[in-house]
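The values are calculated or read from the model by the stated rules, or taken from the named source; none is laboratory data. For clarity, every value in this text was computed on a predicted model and none was experimentally measured. Virtual Cβ from ideal backbone geometry, glycine too; neighbours counted across all protein chains shown. SASA here: full protein model, heavy atoms, side chains in, ligands and nucleic acids out. Shrake-Rupley method; radii C 1.70, N 1.55, O 1.52, S 1.80 Å.
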Amino acid sequence: MLDVRGLEVRFDTYDRPVHAVRGVDFHVHAGEVLGVIGESGCGKSATALAVMGLLPRNGSVQAGTVCLNGRDLRLLRRRELERVRGREMAMIFQDPQTSLNPVVPVGRQIEEPMAIHEDLSGTERRRRAVELMDMVGIADAASRYDHYPHQFSGGMCQRVMIAMALACRPRLILADEPTTGLDVTVQAQFLELMKSLCSELGVAMVLITHDLGVVAGIADRVAVMYAGKVVERGGTDDVFAAPRHPYTNGLLACLPRLDVPGGGDRLVSIDGAPPDLRDPPRGCGFAERCAVVQERCRVDVPELAPIDTGAAVACFVAHDAGDSGLAVGKPSARETSPPPPAADAIAPEEVADPAGPLLELRDVAVNFPADGGLVRRPTSWVRAVDGIDVTMAPGETLGIVGESGCGKSTAARAALQLHRPTRGSVRFEGIDLSTLPRRELRSARRRMQLIFQDPYGSLDPRMPVRRILSEPLRIHRVGRRGSERTERVAHLLELVGLPPDAMSRYPHQFSGGQRQRIGIARALAVEPSLVVCDEAVSALDVSVRAQIVNLLEDLQRRLGLAYLFIAHDLGIVRHMADRVAVMYLGRIVEVGDTATIYDQPAHPYTQALLSAVPVPDPPVERRRRRILLQGEIPSPVSPPSGCRFRTRCPIAEEVCTREDPPLIPHPSGQSVACHFAGRAVEPTPVSLSPVSLSPVSAGRG
């Protein structure tokens, strides 16, 4: 259906042109899913935009062919290409909130491709739009037709984007990071829907993603991109089971498995960073980061050539290795072994009472006004956190997981007193923080620090690193002279693995992983005993994420830090955390040791979360069955009576409506807030109904 040959894309910048795509070849058949994976900047999205003819003004296709059903799209005129887009091929963009028009009802936006490409009356278009909304799982579609994008959650907006893409029954869909930013529960619903579309409607899909678990569960074949080129291509089972390119094996080794205990082992990471495509490397683009590089790799460019398994790989060493090619991708010793012990740049202070808890939250609630203003008093409140109890020991890592909006970050900020609790108490090192005056609270905050999610937005772009790291020292009066603070900044940079010359550089001169290291150094500057990691690794590529996780674990062992670790990635949480707390709609519904929570989840919400996380192992992923949660999270302004999860719970009964279950100990060892704790929830069967299929499958193909 789609055949791309020798595609080259260039972007003209004020400095030098960026050769973003450098000779990419791939194809996809009807009903097939091709997964395209790789780190940020490898050319995945640029390839998709070139196929669609949607490159920005400074981008252009320099060479190659893009054939859809035997017709080269590059030879079409603008109006001819516009007739193809939406009718024969469509694209699902990464961020649905910015891709949808905020001032047009979603139903009319779904109708728009029909109005352009098909001769239908307004009544017929509305009927089909409603049927499409129902098909993609939007409840009460007829009434929600006139709703606006801001009235939908992120997952529902992504469903609207899918309905728009399917409006004119295209045979090819390009999905660019469609699951980025979605909760795992919504992601599971999306993946099941897309698998049904491909198998039952014969739609071909090119799925661009950095999530290897998603690819393992849905893709038939995989293309791995690096530095603008495809470096490995083949069947999903073959590539995941026996990766032949060192880069592919490095990507797979970076991932902590949800179904494998962490055990304190270090994650494998890929050293270095991708090359600058303004000045592409002479030989293999991966040579500077490769553990098995040879001299010819730095001089000659390896071609993508077939191997004995039927796949294709662009690597000299892989072809020379023959059947033993799997060893090519094994990480080097410097990647698998811990770094040599270094002299402690910062020694941890003694905690007030090592035998007692470091942090205690008792019946903590945080409410925000939902209405009102400067003059009118609020009449309703958002119950972001509604009565939680948390205890942390010195040196412990407590993971907090749950869907967006469940109160994870608000609870962490309440612990730091960045949000003053509406009720309840917060004790840190035996001191009740809620009773402290501002001056004493500032002193206490020195022992509690925060690492933010966005490593770029949390750093002042006008300050060099020296000033960024000196600022907390100056505020807390650490070091009397400038020379002492400069020496301390140098020690901090050494601690997080950055060179001394980084002091004079600005945030924009660093990669994302390096900026996150600066954020970690800033948090450690004043010798905290508790560090809150609020989605600190979620915005990073898998290889960089592994480096940061290893760094956090090294610092914890060296400095005796305790981490309050907030994350959507349940695999990372299993690797990092000693205990896990699961939050839903402002409440903790299950808490206990990590192994117990992951191996014997007792709350139906925890079971659904864990079943929704994809595993980067195709045979295992195909055997897994998901528990798909229906509906959306209720509003925290007016939560449901009784159990807050009952509106989405597959095993809810009448008692769940009347009584709010308390968080009590369970025989397995964890504490659970559920009337039917421990009852197994049956997986959800997923299939598109014939009624929903009829208006879409009729016609072409």
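Of note:
- Computed from backbone phi, the HN-Hα couplings of the range 132-137 come to 5, 4, 5, 4, 8, x Hz, rounded to whole numbers (Karplus: 6.51 cos²θ - 1.76 cosθ + 1.60, θ = phi - 60°; Gly and Pro given as x).
- Amide H within-cut-off set for H603, under 5 Å, with H built and near neighbours excluded: G678
- Surface composition of the chain: carbon and sulfur make up 50 percent of the accessible area, probe 1.4 Å.
- For the chain, the antiparallel share of DSSP beta bridges with both residues in that region comes to about 60%.
- Protein-only accessible surface at a 1.4 angstrom probe places the residues I218, I633 in the order I633, I218, largest first.
- Fully extending the segment from H476 to D276 would add 68.0 nm, taking 0.36 nm per residue of separation and subtracting the current Cα-Cα distance.
- Across the range 4-16, coupling constants 3J(HN,Hα) worked out from phi with the 6.51/-1.76/1.60 Karplus curve, θ = phi - 60°, read 10, 10, x, 6, 10, 10, 10, 10, 8, 10, 5, 8, 9 Hz, and Gly and Pro carry x.
- Amide H partners (placed H, <5 Å) of T397, local residues excluded: Y563, D578, R579
- Kirkwood-Stokes translational diffusion coefficient of the chain, alpha-carbon pairs, 37 °C, 0.692 mPa s, µm²/s: 120 µm²/s
- Tensor-based shape of the range 390-465 (alpha-carbon gyration tensor, a/c under 1.5 rounded, otherwise prolate or oblate): oblate
- Protection proxy ranking, peptides 540-553, 658-671, average beta carbon neighbours within 10 Å, highest first: 540-553, 658-671
- Solvent-accessible heavy-atom area per residue, rounded to whole Å², over the chain at 1.4 Å: 43 Å²
- Trypsin sites (Lys or Arg not before Pro) within the range 1-68, DSSP loop, no more than 15 other Cβ atoms inside 10 Å: R57
- In this Cβ point-charge picture (+1 for Lys and Arg, -1 for Asp and Glu), the chain has a dipole of about 1860 debye about its Cα centre.
- In Hz, Karplus ³J(HN,Hα) per residue of the range 80-97 (6.51, -1.76, 1.60; θ = phi - 60°; x = Gly, Pro): 5, 5, 5, 6, 6, 5, x, 8, 9, 9, 9, 10, 9, 8, 5, 10, x, 5
- Helix-only CD estimate at 222 nm, as mean residue ellipticity for the chain, using -39500 (n - 2.57) per DSSP H run (n ≥ 4): -9000 deg cm²/dmol
- Radius, Kirkwood style, for the range 494-632 when every pair of distinct Cα atoms is counted (Å): 17.2 Å
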